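To start, the structure under review is shown below, and the notes come after it.
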2 protein chains.
Amino acid sequence: MRIILASLILLAASNAAFAEVQSKAVQYMDEDVPLTGYLYWDDSIEGKRPGVLVIHEWWGLNDYAKQRASMLAELGYVAFAADMYGNGHVTDKPGQAQDWMQEVTADVELWRHRAELGLDQLKASEYVEPDKTAAIGYCFGGGTVLQMAYGDADVLGVVSFHGSLPAAPEESKGKIGPEILVLHGATDSFVTSDIVTNFQNKLEAAGANWEMDIYGGARHSFTNPNAGEYGIENLKYDAQADARSWQRMQDFFDELFGD
Amino acid sequence: MRIILASLILLAASNAAFAEVQSKAVQYMDEDVPLTGYLYWDDSIEGKRPGVLVIHEWWGLNDYAKQRASMLAELGYVAFAADMYGNGHVTDKPGQAQDWMQEVTADVELWRHRAELGLDQLKASEYVEPDKTAAIGYCFGGGTVLQMAYGDADVLGVVSFHGSLPAAPEESKGKIGPEILVLHGATDSFVTSDIVTNFQNKLEAAGANWEMDIYGGARHSFTNPNAGEYGIENLKYDAQADARSWQRMQDFFDELFGD
């Protein structure tokens, strides 16, 4: 018995050591725009599990969004890093990022539709429990997942990390199904206190289930270790806000998915 | 081996079943005002452990604050429910509560000193690691632990649950040692959005390490299941905000105490 027990412990340890996050590129289309997203999962886990959609920053689907999707897979979720721009569009130039972002956000229906196509890819995965999904997003992606919530996308919840904060429109009143978690830097100069107050008031008016956590001293892009490299004063990594927001997201998922 | 293993499991289970939170009344004085607090700890835990000060709502040290202290002991902390009014003052009448609260808060030095006397009682316990303490408070008690932070009390952090939100004074700039976590109901009509904005701005100006989590739809006293019994429209229990804020506090303590 002692030997069997020891063997079981060793086996468990070796499973953990060999658990490996797998990924694959997924091609999909929005009319004539070719999109390429990436699915991440841990193949040492058996059976279906909750799925999380990841929406990138305004730079496009770069390594940062993929890394977050990979980290979600390490936590035991299936994650799909969606592509909101298509045509392989990724940049580190703010002007270019702004242009591509505006092409998507100018039409709110297109914006939501593009995101929901990513959600479809996630739900199509054989590893995903399709009734246990959520969406997270960073910067532009934070605004995107809020738009998904306003459009009552079929997810249990959304999490915005240092997102733009589009206000809930009048017509979403009483119709926002997903729970909303907003993780925000107090000194993010892209989002003034007037915008924050209006954002909260509109969520109340819409009857949304929402929470907003504000991190003192944190600027925009506080979760991204490379934030300081873009030459923009308002972008800065904040280790404490990063760790806390990632933990808060996990507690939120535990609540949503009943883990 | 199988029998030994089974016995060990049974023993562990019975330890958990018999683990019991102990409590004792502690008498102390603030000059000529007699105070009575209550210490809570789990006597199945060996050795010293982190300690948490609990400051009551404006009603005085009633069963609610004691219950929270007991819950903290169940989590493995030592907790001390302090007495801020003395002379056995407890009420369920808002007018009386208001009078007693104002007697304490009218003089900020008295206010902080009264709270720190409670902290002294906590640290004097043989079970407490005196360099691993925090303070939490509800309603008036939330404002109290913020004042402790502004006075640089010797705790690692403070947590305000639906607290009044006194702004950090000018003279606290650069001198606020404890980390601050504020858990707030978005529709708490005692605290307007102007008060919230000013509160956050003053924390930034003071250079405090702070976070504020805002729960949509939650009113004042959202953690107290009896909130609705006082006949005040703005007092209401909110199960989701209660569960989330209690979880957030635990994550904050894990970070502070290095668990």
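Since A:Asp254 meets every condition but one in (1) in a helix (DSSP H, G or I); (2) touching a strand residue (DSSP E or B) at 6+ places or on another chain (Cβ under 8 Å); (3) closer than 30 Å to B:Gly258 by Cβ, which condition does it not meet?
With (1) in a helix (DSSP H, G or I); (2) touching a strand residue (DSSP E or B) at 6+ places or on another chain (Cβ under 8 Å); (3) closer than 30 Å to B:Gly258 by Cβ applied to A:Asp254, the lone miss is (2).
Among the residues of region B:223-232, is there at least one that is closer than 26 Å to A:Asp238 by Cα and either touching a strand residue (DSSP E or B) at 6+ places or on another chain (Cβ under 7 Å) or in contact (Cβ under 8 Å) with a residue 60 or more places away in the chain (or both)? Lay out the reasoning, then the answer.
From region B:223-232, those closer than 26 Å to A:Asp238 by Cα are none; that's our starting set.
No, region B:223-232 contains no residue that is closer than 26 Å to A:Asp238 by Cα and either touching a strand residue (DSSP E or B) at 6+ places or on another chain (Cβ under 7 Å) or in contact (Cβ under 8 Å) with a residue 60 or more places away in the chain (or both).
Any residue in region B:175-191 that is of a type outside the set (A, V, I, L, M, F, W, C), in contact (Cβ under 8 Å) with a residue 60 or more places away in the chain, more than 25 Å from A:Asn209 (Cβ to Cβ) and surrounded by fewer than 24 Cβ atoms within 10 Å (Cβ to Cβ)?
Applying the first criterion (of a type outside the set (A, V, I, L, M, F, W, C)) to region B:175-191 yields B:175, B:177-179, B:184-185, B:187-189.
Then keep just the ones that are in contact (Cβ under 8 Å) with a residue 60 or more places away in the chain; that gives B:179.
Subset that is more than 25 Å from A:Asn209 (Cβ to Cβ): B:179.
Next cut, surrounded by fewer than 24 Cβ atoms within 10 Å (Cβ to Cβ) only: B:179.
The answer is yes; a qualifying residue exists.
Condition check ((1) within 14 Å of chain A (Cβ to nearest Cβ); (2) exposed (fewer than 15 other Cβ atoms within 10 Å of the Cβ); (3) modelled with pLDDT of 95 or more; (4) within 26 Å of B:Trp246 (Cα to Cα)) across all residues:
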residue	(1), (2), (3), (4)
B:Arg2	yes, yes, no, no
B:Ile9	yes, yes, no, no
B:Ala12	no, yes, no, no
B:Val54	no, no, yes, yes
B:Gly60	no, no, yes, yes
B:Ala79	no, no, yes, yes
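Here's the yes/no breakdown for (1) surrounded by 21 or more Cβ atoms within 10 Å (Cβ to Cβ); (2) within 13 Å of chain A (Cβ to nearest Cβ):
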position	(1), (2)
B:Ser193	no, yes
B:Gln200	yes, yes
B:Glu204	no, yes
B:Gly216	yes, yes
B:His220	yes, no
B:Thr223	yes, no
B:Asn226	no, no
B:Glu229	no, no
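Mind checking which residues of region B:30-58 are farther than 18 Å from B:Ser125 by Cβ and either free of Cβ contacts under 8 Å to residues at least 40 places away in the same chain or of a type in the set (Val, Ile, Thr) (or both)? Please lay out each step first, then the result.
First, pick out the residues of region B:30-58 that are farther than 18 Å from B:Ser125 by Cβ: B:30-34, B:56-58.
B:Glu31, B:Asp32, B:Val33, listed by residue number.
Out of A:Phe257, A:Phe161, report the one residue that is more than 10 Å from chain B (Cβ to nearest Cβ), surrounded by 15 or more Cβ atoms within 10 Å (Cβ to Cβ), touching a Gly at 6+ places or on another chain (Cβ under 6 Å) and modelled with pLDDT of 95 or more.
On the way: A:Phe257 fails: touching a Gly at 6+ places or on another chain (Cβ under 6 Å).
Result: A:Phe161 is the single residue among A:Phe257, A:Phe161 that is more than 10 Å from chain B (Cβ to nearest Cβ), surrounded by 15 or more Cβ atoms within 10 Å (Cβ to Cβ), touching a Gly at 6+ places or on another chain (Cβ under 6 Å) and modelled with pLDDT of 95 or more.
Among the residues of region B:73-108, which ones are closer than 29 Å to B:Asp251 by Cβ and in contact with a strand residue (DSSP E or B) (Cβ under 7 Å, 6 or more places away or on another chain)?
B:Ala73, B:Glu74, B:Gly76, B:Tyr77, B:Val78, B:Ala79, B:Phe80, B:Ala81, B:Ala82, B:Asp83, B:Met84
The values are calculated or read from the model by the stated rules, or taken from the named source; none is laboratory data. Given the structure is predicted, the values throughout are model-derived calculations rather than measurements. Positions of Cβ are generated from backbone atoms using ideal geometry, with glycine treated the same way; all protein chains shown enter the neighbour counts.
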